[in-house]
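The structure under discussion appears below in the form of structure tokens.
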Amino acid sequence: MYTFFRNQAANILTLTNMVLGLIAILFAIKGRFEFSSGFIIIAALTDRFDGMLARKLNTTSALGKFLDSNSDLISFGVAPGLLIYLSVLKEFEIIGIIVSFLFIIAGAFRLARFNAVEFSGFFVGVPITIAGAILAASIFAIPYIPSISFIFIALIFAYLMVSNHSIKKV
């Protein structure tokens, strides 16, 4: 039993990330935008530590890498995309839908590129975790900045995820 949990500890943390993203989606659908944002931000913390734990326990695997990407797409692509659409972009109708979808698609592309190509020591493009967490946190600025600003925020992060800018891993 101990061996199972030791070997699966990082994957359990990764699945926790996914569950938090799914909870964030449910809160967004219910119009509880602050809770949705909070769950996305907590998911970012679990995402920060799952890879570190896998390396520390020497349990890294291809399965873990792909499971992490699937969890990240839910928690930092779909959840923030839906959150930003339902909280502010739906007033822009089709433009809001397109912008939300572009954010999610850019995140999926970024994750696929990460899985397909090995980059030692550098991220290429802004990681989806950072883009999704910042987009989710931006909903707290809704009362203070014009709604149209969120179109630009989402598009800028979509671009940064698929860009070729290198960012040193920390």
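Working carefully through the options Gly125, Gly121, Gly81, Gly64, find the one that is more than 30 Å from Asn7 (Cα to Cα) and modelled with pLDDT under 95.
So the residue among Gly125, Gly121, Gly81, Gly64 that is more than 30 Å from Asn7 (Cα to Cα) and modelled with pLDDT under 95 is Gly125.
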Check: Can you tell me how many residues in region 126-170 are in a loop (DSSP other than H, G, I, E, B) and within 18 Å of Val99 (Cβ to Cβ)?
Finding: 6
Check: Looking at region 43-61, which of the residues that are out of contact with any Ser or Thr (no Cβ under 6 Å at 6 or more places or on another chain) and either under 17 Å from Ile25 (Cα atoms) or of a type in the set (A, V, I, L, M) (or both) is modelled with the highest pLDDT?
Finding: Leu45
Next item on the list: Name every residue in region 102-132 that is under 14 Å from the mean Cα position of the chain (by Cα) and of a type outside the set (A, V, I, L, M), in order of residue number.
Entry: Phe103, Gly107, Phe109, Arg110, Phe114, Gly125, Pro127, Thr129, Gly132
Notebook entry, point to check: Looking at Leu45, is it surrounded by fewer than 23 Cβ atoms within 10 Å (Cβ to Cβ), farther than 14 Å from Pro80 by Cα and within 13 Å of the chain's Cα centre (by Cα)?
Noted result: yes
Next item on the list: Specify which of the listed residues (Phe49, Phe76) is touching a residue at least 24 places away in the same chain (Cβ under 8 Å) and either at positive phi or in contact with an Asp or Glu (Cβ under 8 Å, 6 or more places away or on another chain) (or both).
Entry: Phe76
Check: Which members of region 79-98 meet the condition of being in a helix (DSSP H, G or I), crowded, with 22+ Cβ neighbours inside 10 Å and aliphatic (A, V, I, L, M)?
Finding: Ala79, Leu83, Ile84, Leu89
Next item on the list: Taking Thr14 as the residue in question, decide whether it is of a type in the set (Ser, Thr, Tyr), in contact with a Gly (Cβ under 9 Å, 6 or more places away or on another chain) and surrounded by fewer than 19 Cβ atoms within 10 Å (Cβ to Cβ).
Entry: no
Next item on the list: Could you list all residues from region 88-125 that are in contact with a Ser or Thr (Cβ under 8 Å, 6 or more places away or on another chain) and within 13 Å of Ala154 (Cα to Cα)?
Entry: Val88, Leu89
Next item on the list: Kindly provide the set of residues from region 133-170 that are over 14 Å from the mean Cα position of the chain (by Cα), of a type outside the set (A, V, I, L, M) and over 20 Å from Phe27 (Cα atoms), ordered by number.
Entry: Tyr144, Pro146, Ser147, Ser149, Phe152, Tyr159, Ser163, Asn164, His165, Ser166, Lys168, Lys169
Check: Among Ile142, Ile128, Ile134, which is the only one that is of a type in the set (A, V, I, L, M), surrounded by 15 or more Cβ atoms within 10 Å (Cβ to Cβ) and touching a Lys or Arg at 6+ places or on another chain (Cβ under 6 Å)?
Finding: Ile128
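The values are calculated or read from the model by the stated rules, or taken from the named source; none is laboratory data. All figures in this text were calculated on a predicted structure; none of them were measured in a lab. Quick reminder, even Gly has a Cβ in these numbers, built from the backbone with ideal geometry, and neighbours come from all protein chains shown.
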